[in-house]
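The values are calculated or read from the model by the stated rules, or taken from the named source; none is laboratory data. Small disclaimer: the values here were computed from a predicted structure and weren't measured. Cβ atoms come from the backbone with ideal geometry, glycine included; neighbour counts cover every protein chain shown. Side chains are part of the model used for accessible areas, which takes the heavy atoms of the whole protein and leaves out ligands, DNA and RNA. Shrake-Rupley method; radii C 1.70, N 1.55, O 1.52, S 1.80 Å.
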Amino acid sequence: MKKAAIIGVGHVGSTLAYTLITRNIVDELVLFDKKEGQLLSEYNDLFDGQVDRYNHVKLIDSNLSELADTDVLIFSAGDITIFEGNSDRFAELYLTKEIVEEWAPKIKESGFKGILVNITNPCDVVTQRLQELTGLPKERVFGTGTTLDSARMKHAVSKKFNVHPSSVEGYVLGEHGESQFVAWSSVRIGGIPIAEMLSASELEELEGIARAGGWITMRGKGYTSFGIANQAALVVEAVLNNNFKVLPVSSYSEKDQCYAGHPAKVGSTGIIEDYHFSLTELEKQKWEKSIETIKFMHSTAL
């Protein structure tokens, strides 16, 4: 039996729950949220959403003791309203660090021994704090990192070249935030480096389009949900199916001594291996800048 739990069932957590159910990724699901009315409503709606479906996921009542035999715990607690008129990740950190400090001891006391996947922003810093406060091994705690950013890059490139997004290979690296960057040296279509097809100015313009994707969604809806739920579901699926999928998650980089978005092999034991491929000189500079940003933000969360 594949068992998952989600802490925080707002826009992202509830969308992820429905995605895990409709894709038949889990057999059992437990939800947690401080807003009891919202938690009850999501449970009820998810029950209704499974009526007459060929598969059925068991929804288990919210109880921390259930975490003891949970395979994957997804942390998505937060408050998107913090972004109303303010796009500063630091403003978000002031709130989410308190949420982490509240939940981490509960996770630790529950006897949880599975894989902890974080979505809550600032993703890299929150992931590191969760690892530090729960005491779980680093390889068993990681975040969605730049999976969504890489997806947005593929979206932009696919429209430019009129190909399916999955035909675009490559990664966005670093912070899931303003200091992230597209490692264009890694991006290929049909094995051909995109840097051979476009000029530097065209690549810069394309990166701007990819970055704007998230804000287009935010301005219209007030939040993002489908994109990140899709990526989080892919991460959970990689763990539960032990399929060794390489994803740009936020995993701990020993050489940089912090969590940051970069490719890593994901399986049932968590991070099996991470990859630091060769970057151009300019990309190395961007990586170092992003690492500095993450470390500085982490220092303010202590």
Quiz item: Which Cα, out of F161, G261, H276, lies furthest along the positive dipole direction of the range 156-280 (beta carbon charges, K/R +1, D/E -1)?
Solution: F161
Exercise. Leaving out ligands and nucleic acids, note down the accessible area per residue over the range 3-143 with a 1.4 angstrom probe, in whole Å².
Key: 43
Quiz item: Expressed as a whole percentage, what fraction of the accessible surface of the range 3-143 belongs to carbon and sulfur atoms when a 1.4 Å probe is rolled over the protein heavy atoms?
Solution: 47
Self-check item: Reduced Cα scattering model of the range 146-301, Debye log10 I(q)/I(0), q = 0.13 Å⁻¹
Solution: -0.62
Quiz item: Among 261-269, 137-145, 101-109, what's the highest-first ranking by average C-beta atoms within 10 angstrom per residue?
Solution: 137-145, 261-269, 101-109
Exercise. Taking the chain as the reference, fit the longest principal axis to its C-alpha atoms, fit the long axis of helix 11-22 to the helix C-alpha atoms, and give the angle between the two in degrees, 0 to 90, nearest 10.
Key: 80
Quiz prompt | Structure-based [θ]222 nm, the chain - -39500 (n - 2.57) summed over DSSP H runs of at least 4, per residue, nearest 500 | solution = -14500 deg cm²/dmol
Quiz item: Any idea of the accessible area per residue across the range 146-301, 1.4 Å probe, to the nearest Å²?
Solution: 47
Quiz item: What aspartates and glutamates could a cross-link reach from K159, if we take a straight Cα to Cα line under 19 Å and drop same-chain neighbours fewer than 8 places away?
Solution: D149, E169, E196, E202, E204, E205, E207
Practice problem: Divide the volume of the convex hull of the Cα atoms of the chain by its number of residues and quote the answer in cubic angstrom per residue. | Solution: 134
Quiz prompt | Gaussian network model of the chain, Cα within-10 Å springs - most flexible of V51, V125, V172 | solution = V51
Exercise. Enter the angle in degrees (range 0 to 90, nearest 10) between the Cα long axis of helix 36-48 and the first principal axis of the Cα atoms of the chain, meaning the one along which they spread out most.
Key: 90
Practice problem: Could you work out the relative contact order of the range 3-143, using alpha carbon pairs under 8 angstrom and six or more residues apart, expressed as a whole percent? | Solution: 25
Practice problem: Name the lysines eligible as straight-distance cross-link partners of K2: C-alpha to C-alpha under 23 Å, and not fewer than 8 places from it in the same chain. | Solution: K58, K106, K108, K113, K138, K245, K265
Quiz item: Listed highest first by mean packing, meaning other Cβ atoms within 10 Å per residue, what order do 163-169, 184-190, 152-158 come in?
Solution: 152-158, 184-190, 163-169
Quiz item: log₁₀ I(q)/I(0) of the range 3-143 at q = 0.09 Å⁻¹, via Debye over equal Cα point scatterers, no solvent, to two decimals?
Solution: -0.26
